[in-house]
Structure formats: C-alpha cells, structure tokens
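Trainee: Next up is a structure, given as structure tokens.
The values are calculated or read from the model by the stated rules, or taken from the named source; none is laboratory data. All of these numbers come straight from a predicted model, not from anything done at the bench. Glycine also receives a Cβ, built like all others from the backbone with ideal geometry; neighbour counts cover every protein chain displayed.
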Amino acid sequence: MSKTIYEELEAGIERLLGRVSAHGGLPEVKALLQQAKEQVRASAKARPSVAVVGASGDRSKYGNKAVRAFMKAGYDVYPVNPNVREVEGLTAYPNLSAVPVDRLDRVSFYVPPEVGLRVLEQVGDKPIGELWLNPGADSAEVVERAEMLGLNVVRACSILAVGENPDRV
C-alpha cells in the first residue's frame, strides 16, 4: 500500500535528522526538525479524509467544486475518476480501491446513479464513515443498495455541509 503524504514527510524529516546528527548534531536545526515532525504527526491525526467520486478537472463541475471545498475545509482529499490523472493538483485515483488509505471518513458521490451503483460495489474494500449522496446521485436504487450494504447514508450536498456555497466555489 502507498504511504500517505504524512508518512512520506515524517520519513523525510527522519532522513534529515540523521544527516544533521552525522554533522555534529546542529542543535538548533535538530530542534526545528523535531518540531516539524511533531507538527506533521498532529496534522495527520487532525485531518479527516474524503474521496470525491466523480471528481473533475472542469472547475465548473460540482465534482471539482467539491474537491476545492473539502481542501479549503482541511480534509485530505482523494479525487476518484478513472478518466483523469489529476484534479486541482491532487492525484486522481481510478477507483475507491486505489485510494491509498485504510479508511475514509467520508465518500461523496458526484456521479449518475448507474455509475454510483457500480462504485458501491467497491465500498466494501475499505471502511468508510459516511456515504454522501449529492443531488442527482441519490436515486432510490442507490440509496437502497447503500443501506443494504450497511452504509451510513447522507442525502445532501456535501459542499454545503463543509460551509461552502457551490455557486461561489
């Protein structure tokens, strides 16, 4: 499994600490690196995660607006779309299974119901806290299937839920 950005940052700081020690310790630099390491750990624990299914590179689409809104709200955002490589500077993943975390706090659907039904079959690959079905993604069939899978379904606009107006994002 891929390392999270926080694990990569922490490993990089550890390498720097090793180099500093090899050059006689440099106490001031060592103290700053230790402080940075603690901040990375604190940040990793404090940030909720979200996968935006249907993320788009088109800034006028709600799948892109959601990525930006979640980033602004302090989430670790994982765009999911098999047709793009990057959204708003973030790596896009072809499916939920490819998202490099063991658990997602939230998955937010910005896809048509027929796509949502296919994606729901991937949800069992990793635990999620909430499944947000945004307007247009929340057909009765998708809701029924998600509830059958035991998911905590929320039928609402996830952009509004993080305090942003979709028309202004």
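Trainee: Going through segment 115-169 one residue at a time, which ones are touching a Lys or Arg at 6+ places or on another chain (Cβ under 9 Å) and on the phi > 0 side of the Ramachandran plot?
Mentor: 163
Trainee: Of all residues being free of Cβ contacts under 8 Å to residues at least 12 places away in the same chain and farther than 11 Å from residue 54 by Cα in segment 77-93, which is surrounded by the most Cβ atoms within 10 Å (Cβ to Cβ)? Just the residue, please.
Mentor: 85
Trainee: Output the helices (runs of 4 or more DSSP H) that fall wholly within segment 75-169 and possess 3 or more residues being over 30 Å from residue 6 (Cα atoms), or say none.
Mentor: Passing ranges, in order: 113-120, 140-148.
Trainee: Which one is surrounded by the most Cβ atoms within 10 Å (Cβ to Cβ) among residues in segment 4-41 that are among the aliphatic types (A, V, I, L, M) and modelled with pLDDT under 80?
Mentor: So the residue we want is 40.
Trainee: Specify which of the listed residues (44, 55) is surrounded by 14 or more Cβ atoms within 10 Å (Cβ to Cβ), modelled with pLDDT under 85 and closer than 19 Å to residue 104 by Cα.
Mentor: The match here is 44.
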